[in-house]
Ligand code: NDP
C-alpha cells in the first residue's frame, strides 16, 4: 500500500522543473495526477507517458495561469477525468526581476495573475470537488521571506502573497480537515534557475553549503510528505528548502 493510493492530484505547471518532479513523485506514491502547462505540450505529454510507463494514471491539460477562466476550467476537467481532486499543488510561476522603476503596470499584473491570482482561482474551483481531508500545497520561494539582492520587488511581492493566502486558507478550511501549506524553495536547478546559469555563483555565496543547489526532486519529497496522510496535523506551515541561504 502506497501513501497516496486511491488519491488524485492536480499540479499546475507540471510539464517541467519542480512541477514535473512533483507530478512524478505523487504518481509514484500512488496518486492519479493531472498536470497543467501553457506552452510545453510535448514536455507535458512526456511527463504523462513517464507516469503511465510506471503503471500510473496521468493527463495533461493546457491552461494559462494568466487566464482565470482557463484555470477554473482545468480544475473542472481534471475533476471530471479523475473523479475528484484530493491534492492541489499550486506550482506554476514566473520569475521577473528588475529595478522597480522599470516595471510597468502590465508587468505587475502579469506576475500577480500567474503567481497569485491563479492559485486563488484554483482553490475556489477545487473546493467543491475536494473531499474533506484534502491537501493544498503552494510553491512559494525563499525570496518571499528575505530579499538578498535588489530587483525582487515584483517576484517577492507575489510569493509573499502566496504565504499570506496559505495562512488564511489554513484557518478557513480547517473545519473541513483540508490542510494548506507553502513550500519555499531556494535555488533549485530548473530552466528557471539553472545551476550553471549566470546568477548561480551569487546564489551559492548565500548558502550554508555552497554546492547546494537543490534538485527539483528534493522539493517534490517535501510536497509528497505534506500531501500524505501522515501530515494531517501540518497546516498553515511554511517549509523552506534553501540550503540555509536565508539564515
Ligand atoms: P520552470 O520555469 O522550470 O517551469 C515552470 C513551469 O510552470 C512549467 O511547467 C511551465 O509550463 C509552467 N508555467 C509557466 N508559466 C505558466 C502559465 N502562465 N500558465 C501555466 N503554466 C505555466 O520553473 P521552476 O520549476 O523552477 O519553478 C516552479 C515554481 O517554483 C515556480 O512557482 C517558481 O516561482 C518556484 N520557485 C523556483 C525556484 C528555482 O530556483 N527554480 C526557487 C523558488 C521558487 P510550460 O512548460 O508550458 O512553459
The range 1-142 - Kirkwood radius from inverse mean 1/r over Cα pairs (Å): 15.2
For the range 132-177, alpha-carbon Rg over 2.2 N^0.38 Å: 1.39
Using alpha-carbon coordinates, inclination of helix 216-227 to the longest axis of the chain, degrees: 50
Label point at residue 192 placed 7 Å out along Cα→Cβ; residues across the range 205-240 whose backbone nitrogen lies under 20 Å: 205-207, 212-227, 237-240
Length gained when the stretch residue 105-residue 50 is fully extended (0.36 nm per residue, less Cα-Cα span): 15.8 nm
Compactness of the range 106-224 - radius of gyration and Dmax, Cα, Å: 15.8, 47
GNM flexibility winner over the chain from 200, 168, 105 (Cα, springs under 10 Å): 105
Modelled label reach - residue 77, point 7 Å along Cα→Cβ, the range 12-47 residues with backbone N closer than 17 Å: 12-16, 33-47
Degrees, to the nearest 10: 153-173 long Cα axis against longest axis of the chain: 30
Mean ellipticity per residue at 222 nm, deg cm²/dmol - from DSSP H runs of n ≥ 4 across the chain, formula -39500 (n - 2.57): -12000 deg cm²/dmol
Relative contact order %, the range 48-104, counting alpha carbon pairs below 8 Å whose residues are six or more apart: 17
Prolate/oblate/rounded call for the range 8-241, Cα gyration tensor, a/c under 1.5 rounded: rounded
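The numbers here are math on the coordinates, done by the rules we state, and not lab data. For clarity, every value in this text was computed on a predicted model and none was experimentally measured. Because the Cβ atoms are built from the backbone with ideal geometry, glycine has one as well, and the counts that use them run over all protein chains shown.
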